[in-house]
Each structure stands twice: as C-alpha cells, then as structure tokens.
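Following: one structure in structure tokens, then a few remarks.
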Amino acid sequence: RFILLCLRKEAETLIRGKNKHKNFLTVIESLKEDNYSLGFITEYITYNLISWIDNYHPSILEIKYIIYQLLSVINFIHSEYHISHNNINPENRFIKENNFIKITGFMFTSSLIKDTNPNNNNNNLIYSRNVVEAFLDLKYICPELIIDNEISNNSDNFVIGLISYYL
C-alpha cells in the first residue's frame, strides 16, 4: 500500500508541474491504474547523472550548468509548492540532450509550511527511520531528516551540495 501511495504522489506531482517548470520530467500519458498494474508514461530520457558522468565525461562548465538547473528547480518547488523534495540523488536526476536536466523522485516530498493545529494530520509528516533507510539513498539525505525527523528549505540545498561534490 505504501509503495502505491508513493507512485500516485509521484505521478500527481509531475502532472501538476507540467508546463510550470521546464526541468520537471514531462508526463506523456497520465496515471493508469487497475487491479493488475499502475503506471504512467514519461518523455524519453538519455541518462541519469551517474551514467552521464560515466559515459559523457562533462566539462566543468557543463557540470556548473547542471548544478544551476538543479538549484533553479528546487527553488521553484520550495517557493511555488512549498514542499521539500527529500529524495534528490544522482539516480533520479535525468539528463536529456544538450545537458538539460529533468527532475523526478517526488514520492517523499514534505510540506515546508508548519501547521500550527496539532490535530491536523496533513502533509507535514516526515517518514519513519525505517522508511528512510529502506527507500532513500542515505548518502544523499540531509542529516536533520535522519537525526531530528525535520526538514527545511536548507535540507534540499544541503543535498544539492552533496551532488555538486559528486559531480
């Protein structure tokens, strides 16, 4: 059930972002769900960041352009959707031709708006340590998510720094 909820969240976020930011992965065919399957079709992707580095050997200028695009799309989701991505890593950052990045992996987003009503169980929930360890790449998780079970705008920015170091 948890995985199905995550896949639905991914598809909904990508569809909501369609035509709002050029670096969102484009959904070609909306989520189809029946008793046997769940899926959606996206645009064709050439590489993820790992295979791009291994196969393409980019220049410093190309790497800076990738980092710029990552910062741009993260700033967009923070300011427009008020969510923290919580799942930025080289495997779900995709590269198209001309070093154009596409972002996905929205299954674990959390609201950045603090809810002052203690009885309201909205999207401010952070995932349990078991979920984090089972489904997320711990090399690309901000320490406050693991230690304090909290996030902020800086959480995604910290991980962009880790990816910059990787690149």
Subset of the range 54-87, residues open to solvent by less than 30 Å² (accessible area, probe 1.4 Å) and in contact with a helix residue (DSSP H, G or I) (Cβ under 6 Å, 6 or more places away or on another chain), comes to Leu70, Ile74, His78, Ile83, Ser84, His85, Asn86, Asn87
In the range 1-26, residues that are more than 15 Å from the chain's Cα centre (by Cα) and open to solvent by less than 70 Å² (accessible area, probe 1.4 Å) total 1
Among residues of the range 88-112 being open to solvent by 30 Å² or more (accessible area, probe 1.4 Å) and touching a residue at least 24 places away in the same chain (Cβ under 8 Å), the residue nearest to Glu62 (Cα to Cα) is Phe100
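Which helices (runs of 4 or more DSSP H) sit wholly inside the range 128-167 and have at least 3 residues that are open to solvent by less than 70 Å² (accessible area, probe 1.4 Å) and at pLDDT 85 or above? I'd like the intermediate steps shown before the answer.
On the way: elements: 129-135, 143-147, 153-166.
Helices (runs of 4 or more DSSP H) meeting the threshold: 153-166.
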Residues of the range 1-36 being touching a residue at least 40 places away in the same chain (Cβ under 8 Å), of a type in the set (A, V, I, L, M) and under 14 Å from Lys102 (Cβ atoms), in sequence order, are Leu14, Leu25
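The values are calculated or read from the model by the stated rules, or taken from the named source; none is laboratory data. Just so it is clear, the model here is predicted, and its values are computed rather than measured. No Cβ is skipped: glycine too gets one built from the backbone with ideal geometry, and neighbour counts run over all protein chains shown. Just the protein is used for accessible areas: all its heavy atoms, side chains included, with ligands, DNA and RNA removed. Shrake-Rupley method; radii C 1.70, N 1.55, O 1.52, S 1.80 Å.
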